[in-house]
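Below you'll find the structure, written out as structure tokens, and then a few comments.
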Amino acid sequence: MARIAGVNIPTNKRVLIGLRYIYGIGPSKAVEICGKLNIPDDRRVNQLSDDEVLRIRELIDRDYQVEGDKRREVAMNIKRLMDLGCYRGLRHRKGLPVRGQRTHTNARTRKGKAVAIAGKKKVTK
């Protein structure tokens with residue numbers, strides 16, 4: 001099992017897919033890394049030599065911000081918005097959608113489980 005940037009990469013997956021398990025590396029950066037190191041797209045993680053794993057590890061450490069550093073940067077950006085008191089910061093603070101989605105219905109992922117309102121009865125005529 002290859003260990004890159006403190007993350008165990010699954011051995012039976014292709015390198016392009018396995019690299020995505022590292023926080024901060026998505027599809028385009030995985031392709032970019034494999035292109036820089038001349039690793040074929042169809043190569044599996046368990047087929048990588050120790051030298052190739054070492055080269056991947058060194059490239060990621062040198063050129064990319066991943067895992068703890070990336071998480072810290074994202075958290076600091078959100079905290080900055082909240083401290084400024086701008087609209088996006090207020091939405092983060094309240095736990096509501098930040099990017100303009102509707103909240104009348106839906107938005108359950110951000111708002112949490114729906115809570116029934118006590119004492120509300122249907123009016124019968």
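The values are calculated or read from the model by the stated rules, or taken from the named source; none is laboratory data. Please read these numbers as outputs of a predicted model, since none were measured by experiment. Cβ: placed from backbone, ideal geometry, glycine included. Neighbour counts: every protein chain shown. Each accessible area value is taken on the protein alone, full model and side chains, heavy atoms only, with ligands, DNA and RNA left out. Shrake-Rupley method; radii C 1.70, N 1.55, O 1.52, S 1.80 Å.
Computed 3J(HN,Hα) for the stretch 77-84, one whole-Hz value per residue from the Karplus formula 6.51 cos²θ - 1.76 cosθ + 1.60 where θ = phi - 60°, is 5, 5, 4, 4, 4, 5, 5, 5, glycine and proline marked x.
Simple rule: put +1 on each Lys or Arg Cβ and -1 on each Asp or Glu Cβ in the chain, find the dipole, and look at GLY24, ILE60, ILE39; the Cα lying farthest toward the positive end is GLY24. Summed over the residues of the chain and divided among them, the accessible surface reaches 74 Å² per residue at a probe radius of 1.4 Å. Structural descriptor for the chain: relative contact order 18 percent, calculated from alpha carbon pairs under 8 angstrom and at least 6 residues apart. Between the helical axis of 27-36 and the dominant principal axis of the chain, each derived from Cα atoms, what acute angle in degrees is found, rounded to the nearest 10? Rounded to the nearest ten degrees, it is 10. Share of pairwise Cα-Cα distances greater than 16 Å in the chain is 71 percent (whole percent). On full extension, the segment bounded by LEU84 and ASN46 gains 8.9 nm, given 0.36 nm per residue less the C-alpha separation. Taken about its Cα centre, the stretch 1-71 carries a charge dipole of about 240 debye when Lys and Arg each add +1 at the Cβ and Asp and Glu each add -1 at the Cβ. Sorting ASP61, ASP69 by solvent-accessible area of protein heavy atoms yields ASP61, ASP69, largest first, with a 1.4 Å probe. Shape call for the stretch 71-118 from the C-alpha gyration tensor, a ≥ b ≥ c root eigenvalues: rounded (a/c under 1.5), prolate (a/b greater than b/c) or oblate? It is prolate, given that a/c is not under 1.5 and a/b is the larger ratio.
For the chain, the share of accessible area belonging to carbon and sulfur comes to 50 percent (1.4 Å probe, ligands and nucleic acids excluded).
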